[in-house]
Protein chains: 2
Amino acid sequence: MGKVYLVGAGPGAADLITLRAARLLEAADVVFHDALVHPDTLAIAAHARLVDVGKRFGRISTEQRFINRALAEAARNHAVVVRLKGGDPMLFGRAQEEIDALAEAGIECEVVPGVTAAVAAAAALRVSLTRRGIARNVAFVTARHGPGEPEAEWLAVARAADTVALYMASGQAAEIAAQLVSAGRAADTPAVLVENASLPGERRLATTLAALRDQPVPRFAGPVLLAVGEVFRDADAEILPIEQARQKTA
Amino acid sequence: MGKVYLVGAGPGAADLITLRAARLLEAADVVFHDALVHPDTLAIAAHARLVDVGKRFGRISTEQRFINRALAEAARNHAVVVRLKGGDPMLFGRAQEEIDALAEAGIECEVVPGVTAAVAAAAALRVSLTRRGIARNVAFVTARHGPGEPEAEWLAVARAADTVALYMASGQAAEIAAQLVSAGRAADTPAVLVENASLPGERRLATTLAALRDQPVPRFAGPVLLAVGEVFRDADAEILPIEQARQKTA
């Protein structure tokens with residue numbers, strides 16, 4: 001009987017996984033990975049069969065049940081089964097369903113934490129998410145919601161927190177900015193968008209909530225983290241079209 | 001002219017640093033580290049001079065100025081200078097003061113993100129901080145405050161967030177629990193304390209806000225993360241004295 005390791009793949013760059021994650025990938029017989037895990041990271045699993053379980057089997061609920069069954073089945077036939085998830089498994093990673101399903105199936109499971117996107121974006125921007133006198137707390141939030149979940153529950157936290165990191169914000173940035181301003185955050189609050197944090201195609205944009213709400217937002221191909229708060233006022237971000245809007249607002 | 005790397009040392013275990021962090025430590029000429037970085041992690045820096053800059057020079061403001069100067073000075077004499085901080089540098093790591101001081105001194109600086117304590121605690125507990133239908137956001141908060149900073153600013157966020165991770169909560173857990181209940185969180189909200197997450201001396205306690213407020217809290221020698229929220233209701237935590245209080249409350 002094998003064991004399943006739920007492993008954080010980190011924000012993107014292959015050398016931003018942990019030593020423990022790298023050793024498990026090297027030893028893995030099978031690796032079930034999300035669609036967004038970088039090929040260089042997967043290459044560490046030199047001896048493993050790789051199974052891409054990202055967005056392939058139609059509806060999410062079906063997919064999750066399939067993954068649960070596949071993990072248990074693999075652990076019955078192999079010693080080291082790795083379930084590799086972008087960032088950290090315990091933050092927006094849907095890990096609980098898999099942990100619970102493995103427990104029910106009587107299969108041992110261990111979680112290996114990873115570097116989450118928000119801190120990788122902060123590193124890229126060289127802006128600390130907390131800062132003395134400016135930001136003493138950070139909320140990690142998603143504005144996406146499942147069927148039956150309340151739509152704007154995230155707003156209460158995002159309004160109260162000094163710094164807000166919004167996961168899976170691609171395509172929603174303008175709407176999120178509008179909602180934050182409506183909820184009471186100042187229109188000139190700095191906002192940053194980091195696409196492909198830690199990867200060669202990384203892009204960093206600096207703007208404000210007002211500009212993000214009112215101006216065209218660039219299209220993104222990779223995963224995007226949107227972060228909002230005073231700490232980003234002098235962020236190390238590139239001048240892109242949206243930045244001109246910021247300067248007009250400022 | 002050398003370069004300064006602000007590197008996350010992760011939650012404790014030496015194999016929970018990133019590959020990039022390990023390579024930088026191996027190459028480092030000098031490593032300035034916090035008091036809490038584990039000796040096994042420091043041992044990776046086999047060729048470096050190690051400088052412990054944790055809580056040694058009296059008042060914090062003096063200490064920070066000393067560290068800023070020492071980092072700049074080291075970069076003028078060495079190629080690879082590592083500033084090693086527990087967890088991730090950009091979360092409660094006071095990184096901004098050092099980044100800004102290095103920029104002013106004209107010294108190149110790069111940030112290498114790390115695994116933060118909250119996700120390591122979640123991994124240890126096998127409880128995802130977010131969970132479909134139960135928790136869609138997480139606040140990372142500290143109840144500690146600097147001189148002149150408002151005392152209970154953290155409460156607004158901690159009340160609004162589904163899951164709350166409280167950093168540097170050792171010695172404050174009872175007071176924090178009392179404040180959370182006063183602010184409107186249900187007295188039977190599950191709470192967990194994780195001491196020395198990821199290290200051999202790791203301890204996990206499960207309780208509730210009411211029990212944490214009313215019952216004696218065990219003494220901790222290591223760093224403690226306090227986390228609060230419905231996700232922790234069936235946490236994989238050990239039965240310790242405080243747990244009996246929980247069962248009475250439940």
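Take the residues in the range A:1-43 that are of a type in the set (G, A, S) and more than 14 Å from chain B (Cβ to nearest Cβ), then tell me which one is surrounded by the fewest Cβ atoms within 10 Å (Cβ to Cβ). Don't jump to the end; show me each part of the working.
Of the range A:1-43, the ones of a type in the set (G, A, S) are A:2, A:8-10, A:12-14, A:21-22, A:27-28, A:35, A:43.
Restricting the remaining residues to those that are more than 14 Å from chain B (Cβ to nearest Cβ) gives A:2, A:28, A:35.
Values: A:G2: 16, A:A28: 24, A:A35: 10.
If we take residues in the range A:1-43 being of a type in the set (G, A, S) and more than 14 Å from chain B (Cβ to nearest Cβ), then A:A35 is surrounded by the fewest Cβ atoms within 10 Å (Cβ to Cβ).
Is it true that some residue in the range A:187-205 is within 7 Å of chain B (Cβ to nearest Cβ) and either crowded, with 24+ Cβ neighbours inside 10 Å or in contact with a His (Cβ under 7 Å, 6 or more places away or on another chain) (or both)?
Checked the range A:187-205: no residue is within 7 Å of chain B (Cβ to nearest Cβ) and either crowded, with 24+ Cβ neighbours inside 10 Å or in contact with a His (Cβ under 7 Å, 6 or more places away or on another chain) (or both).
Could you please let me know if B:S182 is surrounded by fewer than 24 Cβ atoms within 10 Å (Cβ to Cβ) and within 30 Å of A:M168 (Cα to Cα)?
Answer is no for this residue.
If only one of B:L212, B:L199 is part of a helix (DSSP H, G or I) and closer than 28 Å to A:V111 by Cα, which one is it?
Result of the check over B:L212, B:L199: B:L212.
Considering only the range B:166-177, I want to know if a residue exists there that is over 24 Å from B:K85 (Cβ atoms) and in a strand (DSSP E or B).
no
Taking A:P113 and the conditions (1) under 23 Å from A:G8 (Cα atoms); (2) without any contact (Cβ under 8 Å) to a residue 40 or more places away in the chain, which numbered condition does it fall short on, given that it satisfies the others?
Tallying (1) under 23 Å from A:G8 (Cα atoms); (2) without any contact (Cβ under 8 Å) to a residue 40 or more places away in the chain, A:P113 fails exactly one: (2).
Looking at (1) within 26 Å of B:P216 (Cα to Cα); (2) out of contact with any Asp or Glu (no Cβ under 7 Å at 6 or more places or on another chain), which is the only condition B:G93 fails?
Going through (1) within 26 Å of B:P216 (Cα to Cα); (2) out of contact with any Asp or Glu (no Cβ under 7 Å at 6 or more places or on another chain) one by one, B:G93 breaks only (1).
Checking the conditions here, which among A:A74, A:A46 is away from chain B (no Cβ under 13 Å), buried (at least 19 other Cβ atoms within 10 Å of the Cβ) and farther than 26 Å from B:D88 by Cα? Please lay out each step first, then the result.
Working: A:A46 fails: buried (at least 19 other Cβ atoms within 10 Å of the Cβ).
A:A74 is the lone residue from the list that is away from chain B (no Cβ under 13 Å), buried (at least 19 other Cβ atoms within 10 Å of the Cβ) and farther than 26 Å from B:D88 by Cα.
Can you confirm whether the range B:191-200 contains a residue that is within 17 Å of the chain's Cα centre (by Cα), in the same structural domain as B:T130 (by TED's automatic domain parsing) and polar (S, T, N, Q)?
yes
Condition first: of a type in the set (S, T, N, Q) and closer than 30 Å to B:E97 by Cα. Can you find one or more residues in the range A:207-230 that meet it? Steps first, answer last, please.
Taking the range A:207-230 as the starting set, the residues that turn out to be of a type in the set (S, T, N, Q) are A:207-208, A:215.
From the residues that got through so far, the ones that are closer than 30 Å to B:E97 by Cα too are A:207-208.
Looking through the range A:207-230, at least one residue is of a type in the set (S, T, N, Q) and closer than 30 Å to B:E97 by Cα.
Name the one entry in B:A103, B:A143, B:A121, B:A135 that is within 11 Å of the chain's Cα centre (by Cα), more than 7 Å from chain A (Cβ to nearest Cβ) and of a type outside the set (F, W, Y).
B:A121
If we scan the range B:222-240, do we find a residue that is modelled with pLDDT of 95 or more, surrounded by fewer than 17 Cβ atoms within 10 Å (Cβ to Cβ) and either out of contact with any Ser or Thr (no Cβ under 6 Å at 6 or more places or on another chain) or not in a loop (DSSP other than H, G, I, E, B) (or both)?
yes
The values are calculated or read from the model by the stated rules, or taken from the named source; none is laboratory data. Given the structure is predicted, the values throughout are model-derived calculations rather than measurements. A quick note on method: Cβ atoms are made from the backbone with ideal geometry, for glycine too, and the neighbour counts reach across all protein chains shown.
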